[in-house]
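Just below is one structure, and these are the notes that go with it.
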Amino acid sequence: MLAKAARKEGAQIFEKSPVDEILTKNGKISGVKVNGQEIECEYIVLASGMWSRQIGEKAGVSIPLYPAEHFYIITEPIENLSKTLPVIRDFDNRTYIKEDAGKILVGIFEGNSIPAWDKTNKVPEDFSFGEFQENFEHFEPYLASAIKRFPVLESAGIRKFFSGPESFTPDTNTLLGEVPEVKNFFVCCGLNSIGIGSGGGVGRATAKWMMTGHINEDIFIYDIKRFQKFHSELGFIKKRITETLGDLYGMHWPFKQHKTSRNIKKLPHHENLKSFGACFGVSGGYERPMWFALDGKKTEYEYSYNFQNWYPSAEYETKNTIKNVGLFDLTPFSKFEIKSDKAHEELQKICTANIKNEPGKCVYTHMLNPDGGIETDLTVVCVDKKNFRIISSAATRERDKFHIKKHLSKDVELNDITDDLCVFGLFGPKSRNLIKTISKDNFDNDKFKFGTAKFITIEGVKIWAQRLSYVGELGYELYVEFKYAKKIYDLIINSGKDFDLSNCGMHAMDIMRMESGFLHWGHDISPEENQYQAGLSFAISSKKNVDFIGKKALEKIKKKKIKSRFAMFTLKESEPGKPLLLHDEPIYVNEKIIGRTTSGNYSFNYKKNLAFGYIESILTNDELLKKDIFIEVEKKKYRVAILLNPLKQNNYKKI
C-alpha cells in the first residue's frame with residue numbers, strides 16, 4: 001500500500017538490488033554501490049529493518065537495534081468465529097489474540113525474549129520470509145494464559161507455529177533523523193513491531209527533516225542521537241532487547257528503569273554511593289543516584305501511579321539542602337571544549353546570548369535552528385583565552401555535539417571531554433563554609449561571584465569550580481579529573497559531617513529546579529518552542545552585533561502575538577502523589593482545554609503539587625488568577641492556581 005502510493009507520487013523502487021557499499025566523501029554521503037555500479041546521491045535513508053545495524057556498522061555508523069525471536073500460533077479453523085472479532089490485547093499476560101481467516105492467531109510480546117542468531121550475531125543477507133525452529137517450551141506458558149481468556153483454544157488444533165525475527169531498540173522507540181557520524185545519512189528503522197501503524201508518520205517526519213535539516217517538533221524520543229556508540233555494541237544491545245520487546249506490553253510505569261545492560265559506566269565512587277543507600281538510574285549511560293534510601297530501607301523503586309516510595313528520601317534531601325548542604329553527582333553532564341583563535345567568534349555565531357570572552361565568565365544560552373526553535377539549552381564557560389567549555393544535559397550529549405559541530409567552521413575542533421571529568425554539585429546555605437574547610441581559596445561573594453568560575457585546589461588537586469546552581473541555592477559545581485574523584489568525594493563526605501551534609505539524588509534536583517522555575521530541555525523546551533514562548537528571552541542578546549542562527553526568525557516572532565506561552569501552576573489542594581503530576585496532562589479554564597503540562601512534581605519545601613506547561617489564552621496571568629483553572633489527571637479535574645513567580649524567591653546569587 002505504501003509502495004503503491006510512493007510510486008504514484010513519482011518514486012522509483014528497484015527490487016533485488018542490494019546496496020553493496022555506502023559511499024562517503026569528506027564525511028558526507030556521496031553515493032551508493034549497487035550491483036557493482038556506483039550511483040551518485042546527496043542523501044540516503046537507511047530503512048533496512050533488522051539489517052540496519054550491520055549495514056550501518058560497515059559505514060562506521062552506530063545503529064542500536066537487534067532482532068529477537070517473535071512467536072505466534074494459528075489454530076485450525078474455528079466454527080462460527082466472527083470475522084469482526086476485535087484484536088484482544090492481554091497486557092498482563094503479554095498476549096494478543098485476533099481472528100485470522102476463520103482461525104485464531106495468538107502472539108506474544110514477552111519480557112524474557114530470545115535474541116535471534118545468538119551464535120553468529122548476524123542477520124543473513126539472503127534471509128527473506130524465513131522462520132526459526134519451533135520453541136513450544138518458551139511459548140507454552142503464554143498459550144496457557146490465552147486459553148483462560150479464550151477457552152475455545154483448549155480444544156482447537158494448531159495449524160501453524162511461527163517463530164521469526166523482529167528488531168527492537170534499547171528503549172522500544174523508533175530510530176529517526178540524521179546520524180552523527182556521516183552528514184546526510186538519515187535513518188528510519190527500529191519500528192519495534194509497529195511499522196505499519198507508524199509508517200506514514202515516520203516517513204513524513206524523515207522527509208521534513210531532510211528538506212530543512214532540522215525539525216520543529218518535540219520528537220527527541222525518536223532521534224537516533226539520543227543514543228551513544230556503546231548502545232549498538234553486541235554486549236549491550238543483545239541483552240537489552242530481551243527486555244524491551246516485552247516493554248511493548250509491559251506497564252509503562254513513571255520513572256521506570258531498565259534492568260538489563262546496566263553498570264556500563266560506573267562512577268569512581270560508585271561503591272561509596274551504594275554504601276550510603278543510593279538507588280541508581282541511568283543517565284547518559286552512567287549509573288547515577290536517583291535517591292538515597294533512609295533508615296536501611298530497600299534501594300529499589302516500587303512503581304506506582306500515585307505516591308512514590310522515594311518521596312520520603314526526596315523530602316529529606318530537598319529540605320536538608322535548603323537548610324544545610326546537599327551533595328549532588330552531576331558527572332553525566334555533557335562536557336565539550338573548543339580551543340581555537342576563532343572559538344569566541346564561532347560561539348557568538350551559534351549562541352543567542354552574548355558569550356563573554358573573559359576567563360572565568362559563565363553564560364547561560366541557547367542555540368536555535370533557523371526557525372527559532374530551541375535546539376540546545378546549555379552554559380558556555382570561558383576557561384581561558386581561546387578556550388571555552390560547553391556544559392549541557394546528560395541525555396543530549398550526542399545531539400548537542402552534533403548541532404554544535406554542524407555549525408562550526410571546518411578548521412575549528414570540538415572535543416568531547418564528558419568522560420574525563422567527574423562533577424560534584426555542592427549546594428545549600430552551608431556550602432561555602434564547608435568548601436572553605438577543604439580549600440584555602442577565597443570563596444567570599446566579592447571574590448567569587450555568581451556566574452563565574454576559577455581553578456581552586458583541594459588536597460593538592462587542581463579543580464575547576466563554577467558558582468552556578470540548578471537548584472536555586474548558594475553553591476558550586478566542582479569539575480574533578482576522574483582519577484581524583486573518589487578522593488575528593490571522600491573528603492567532602494568526611495568534612496560535610498560538621499555541616500549536616502546529605503547525599504542527594506536526581507529526584508531531589510528535579511523538584512528543586514521546579515521550585516526555582518528552571519526549565520528542562522526535552523520536557524519544558526524543545527525545537528517546538530521558542531525563547532519568547534518559554535519566557536527565556538533574557539537569553540537573547542540585543543547587544544552583540546552578530547547574525548546568530550535563528551536571529552532573523554526571532555525578530556519576526558517578536559513582532560507577532562505569542563499564541564502559546566509557558567506557565568507554572570500549583571494544585572489548590574496538595575498532597576504527595578494525589579495526584580501524581582508528570583506531563584501531558586490537559587489544562588482547562590472552565591470546560592475548555594487551553595494547554596498541557598510539560599513537567600510535574602511535589603515540592604516538600606512548599607507542600608505543593610507543582611506543574612509546568614504551555615497555555616493558549618488571550619487572558620493575562622493576572623486575569624487567569626480570577627478564573628477556574630484545572631489540570632486533569634486520570635479523568636479527574638483538580639483545581640489549580642497559576643503562579644506569577646516561582647515558589648522559591650531567594651537571593652542565592654548575591655549571598
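In table form, for the structure just shown:
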{"item": "Assigned charges on the beta-carbon of Lys, Arg, Asp, Glu; segment 154-202 dipole about Cα centre (debye)", "result": "220 debye"}
{"item": "Where chymotrypsin sites (Phe, Trp or Tyr not before Pro) fall in DSSP loop in segment 77-119, at most 16 other Cβ within 10 Å", "result": "F91"}
{"item": "Per-residue HN-Hα couplings for segment 391-402 [Karplus 6.51, -1.76, 1.60; θ = phi - 60°; Hz; x = Gly/Pro]", "result": "10, 9, 6, 5, 5, 9, 4, 5, 5, 5, 4, 4"}
{"item": "L644/A553 FRET efficiency (R0 41 Å; Cβ-Cβ; nearest 0.05)", "result": "0.90"}
{"item": "Sequence-distant aspartates and glutamates (8 or more away, or on other chains) whose Cα lies within less than 20 Å of K635", "result": "E573, E575, D584, E585, E591"}
{"item": "Trypsin sites (Lys or Arg not before Pro) restricted to DSSP loop in segment 590-628 with at most 12 other C-beta within 10 Å", "result": "K607, K626"}
{"item": "Net +/- balance of residues flanking F443 in space, Cβ distance below 9 Å, scoring K and R +1, D and E -1", "result": "+2"}
{"item": "For the chain, accessible area per residue (1.4 Å probe, heavy atoms of protein chains only), Å²", "result": "48 Å²"}
{"item": "Evaluated at q = 0.13, 0.14, 0.29 Å⁻¹: base-10 log I(q)/I(0), Debye formula over Cα of segment 342-387", "result": "-0.27, -0.31, -1.06"}
{"item": "Normalised alpha carbon radius of gyration of segment 369-498 [divisor 2.2 N^0.38 Å]", "result": "1.18"}
{"item": "Solvent-free Debye scattering, log10 I(q)/I(0), computed from the Cα coordinates of segment 285-414 at q = 0.23 Å⁻¹", "result": "-1.32"}
{"item": "Over the chain: helical MRE at 222 nm, DSSP H runs n ≥ 4 each giving -39500 (n - 2.57), nearest 500", "result": "-6500 deg cm²/dmol"}
{"item": "Around N192: net Lys/Arg minus Asp/Glu count, Cβ-Cβ under 13 Å", "result": "-3"}
{"item": "Entries in K440/K544; K33/K208; K297/K572; K342/K449; K229/K563; K8/K552 that, when Cα-Cα distance is taken, lie over 29 Å", "result": "K440/K544; K297/K572; K229/K563; K8/K552"}
{"item": "Debye, to nearest 20: dipole size of the chain, +1 on Lys, Arg Cβ, -1 on Asp, Glu Cβ", "result": "2240 debye"}
{"item": "Measure of compaction for segment 475-516 (Cα Rg per 2.2 N^0.38 Å)", "result": "1.38"}
{"item": "For segment 534-567 versus segment 344-360, the gap between their alpha-carbon centres in whole angstrom", "result": "17 Å"}
{"item": "Per-selection Rg to Rh, the chain - Cα, Kirkwood hydrodynamic radius", "result": "0.98"}
{"item": "Solvent-accessible area, 1.4 Å probe, carbon plus sulfur percent, for the chain", "result": "50 percent"}
{"item": "Segment F91-T620, length gained on full extension (0.36 nm per residue, minus Cα span)", "result": "186.0 nm"}
{"item": "For E459, net neighbour charge (Lys/Arg +1, Asp/Glu -1) across residues whose Cβ lies under 15 Å away", "result": "+3"}
{"item": "Segment S155-N545, length gained on full extension (0.36 nm per residue, minus Cα span)", "result": "132.5 nm"}
{"item": "Neighbour-limited loop hits for chymotrypsin sites (Phe, Trp or Tyr not before Pro), segment 175-280 (at most 16 other Cβ within 10 Å; DSSP other than H, G, I, E, B)", "result": "F255, F276"}
{"item": "Overall form of segment 66-190 per C-alpha gyration tensor (a/c, 1.5; a/b vs b/c)", "result": "prolate"}
{"item": "Extension reserve of the D584-K440 stretch, reckoned as 0.36 nm per residue once the Cα distance is removed", "result": "47.0 nm"}
{"item": "Residue order for K265, K319, K552 - accessible surface, 1.4 angstrom probe, largest first", "result": "K552, K319, K265"}
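The values are calculated or read from the model by the stated rules, or taken from the named source; none is laboratory data. Every value quoted in this text rests on a predicted model; they were computed, and no experiment measured them. Methodologically, a virtual Cβ is constructed for each residue, glycine included, from the backbone with ideal geometry; neighbour enumeration extends over all protein chains shown. Quick note on the areas: whole protein, heavy atoms, side chains included, nothing else; ligands and nucleic acids left out. Shrake-Rupley method; radii C 1.70, N 1.55, O 1.52, S 1.80 Å.
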